[in-house]
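Below is one structure, written out as structure tokens, with a few remarks after it.
The values are calculated or read from the model by the stated rules, or taken from the named source; none is laboratory data. Being a predicted model, the structure only gives us computed values, none of them experimental. Note: ideal-geometry Cβ built from the backbone for every residue, glycine included; neighbour counts use all protein chains shown. Side chains included, ligands, DNA and RNA excluded: accessible areas come from the protein's heavy atoms. Shrake-Rupley method; radii C 1.70, N 1.55, O 1.52, S 1.80 Å.
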Amino acid sequence: MTGLACGKVILLGEHAVVYGGPAIAVGIDRGARAEATPLEGGPCRLLIRGWNLSVRENEEHHDLARALRALLDAARDDHPALPACSVEVEADLPPGGGLGCSAAMGVAIARAIEPELSDDALQERAMAWERVFHGNPSGVDAAVAARGGCVFFRKGEPLERVRVRGPLYLCVGSTGIASSTKAMVDAVGRLRARRPEIVAKSFDGVGSLVRNARLAIEAGDRTTLGRLMDLNQMLLAGLFVSSPEIERLCGLARDAGALGAKLTGAGGGGSVVALVASAAVGDAVLAAWKADGFDGFVTCVAQEARSEKAKLAEPRPPESGEAAP
């Protein structure tokens, strides 16, 4: 069986979402694919193509093996006689890039093992996998990986679909520095413990930006959305999760015609997302990044899954000559 899942970009709301604030995220047309084949006996195995990584679920010393075991244990809670299998996964998302690579893998694996699972159940399986890597993830990565589209997310509350008017073109640029979600979330947690009033005001500001961004998306107002993204970046920088590379990428994007730009994901490295009015402007942004030694790609919002029979947009295969992640 084959399972697909999309990557994600958080447009607004990072870090505040961990503490109950809202966030808006979109699925993109890059992601992960998993193929599951039965084995005569256990333990289950996992191979990640392109990374030269292979583990068995009973290897307690390896995070990847423990994540696989956590996902399988969640599945076995519902299906104690779940057969042993071998799963091969490939992704065209950079690990540590803030684009939901681990969540996309978790959802793709769960979907390959149990093809008839609902989106909610897929999200639960992927969250068991995610906690091994990230400690206290918000859940937005797994939610978007399972569904695609554009969503308004608040931890512990039902996911809300956001209607996107017209194509939403995004440029995603890489700082070239892997980011640890757990490390950055922990750092913001320590800042919140030391300066609770300042962080609370920042989170309140982020929440206001997110709610206004939803209105802008639903109205098709890209200019306002871009400005709100810029403001969100300022607040994130005030939480000390930006970096010189992130700020450089944002500045280059704006100079090349982007409507707005900010870090996406946990920060400290990882990726930047820039909103552009067209694919042509996206190409100009990419050219500016590459001229300064950075890399990236243009993407659009991935098609959402409308029923259990409808599949998410299939991840784009690597381009000719493109290095595997």
| Which numbered condition I246 fails, given (1) touching a Leu at 6+ places or on another chain (Cβ under 6 Å); (2) part of a loop (DSSP other than H, G, I, E, B); (3) of a type outside the set (G, A, S) | (2)
| task | Search region 208-230 for residues that are touching a residue at least 12 places away in the same chain (Cβ under 8 Å) and pair each with any residue that is hydroxyl-bearing (S, T, Y) and part of a helix (DSSP H, G or I) when their beta-carbon atoms are under 7 Å apart and the residues are at least 6 apart or on different chains. | result | A216/T224
| said: Suppose the filter is open to solvent by less than 50 Å² (accessible area, probe 1.4 Å), at pLDDT 90 or above, of a type in the set (A, V, I, L, M, F, W, C) and at negative phi; does L93 pass it? | reply: no
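Take R248 and decide whether it is farther than 25 Å from G135 by Cβ and touching a strand residue (DSSP E or B) at 6+ places or on another chain (Cβ under 7 Å).
On the way: farther than 25 Å from G135 by Cβ: yes; touching a strand residue (DSSP E or B) at 6+ places or on another chain (Cβ under 7 Å): no.
Answer is no for this residue.
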| request: Collect the residues in region 235-285 that are closer than 24 Å to A216 by Cα, touching a helix residue (DSSP H, G or I) at 6+ places or on another chain (Cβ under 9 Å) and polar (S, T, N, Q), keeping them in residue-number order. | output: S271
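Could you identify the single residue in A277, A266 that is more than 23 Å from R161 (Cβ to Cβ), out of contact with any strand residue (DSSP E or B) (no Cβ under 6 Å at 6 or more places or on another chain) and crowded, with 20+ Cβ neighbours inside 10 Å?
Working: A277 fails: crowded, with 20+ Cβ neighbours inside 10 Å.
Step by step, each of A277, A266 is checked, and only A266 is more than 23 Å from R161 (Cβ to Cβ), out of contact with any strand residue (DSSP E or B) (no Cβ under 6 Å at 6 or more places or on another chain) and crowded, with 20+ Cβ neighbours inside 10 Å.
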| said: Report every pair of residues separated by at least 6 positions or lying on different chains whose Cβ atoms are under 7 Å apart, first residue within region 98-119 and more than 15 Å from R69 (Cα to Cα) and among the polar types (S, T, N, Q), second open to solvent by 10 Å² or more (accessible area, probe 1.4 Å) and at pLDDT below 90. | reply: S118/E308
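So which residues in region 118-147 are assigned to a loop (DSSP other than H, G, I, E, B) and modelled with pLDDT of 90 or more? Lay out the reasoning, then the answer.
Residues of region 118-147 assigned to a loop (DSSP other than H, G, I, E, B): 118, 135-139.
Result: S118, single match.
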| Selection count, region 267-322, where residues are at pLDDT 90 or above, assigned to a strand (DSSP E or B) and farther than 30 Å from A183 by Cβ | 1
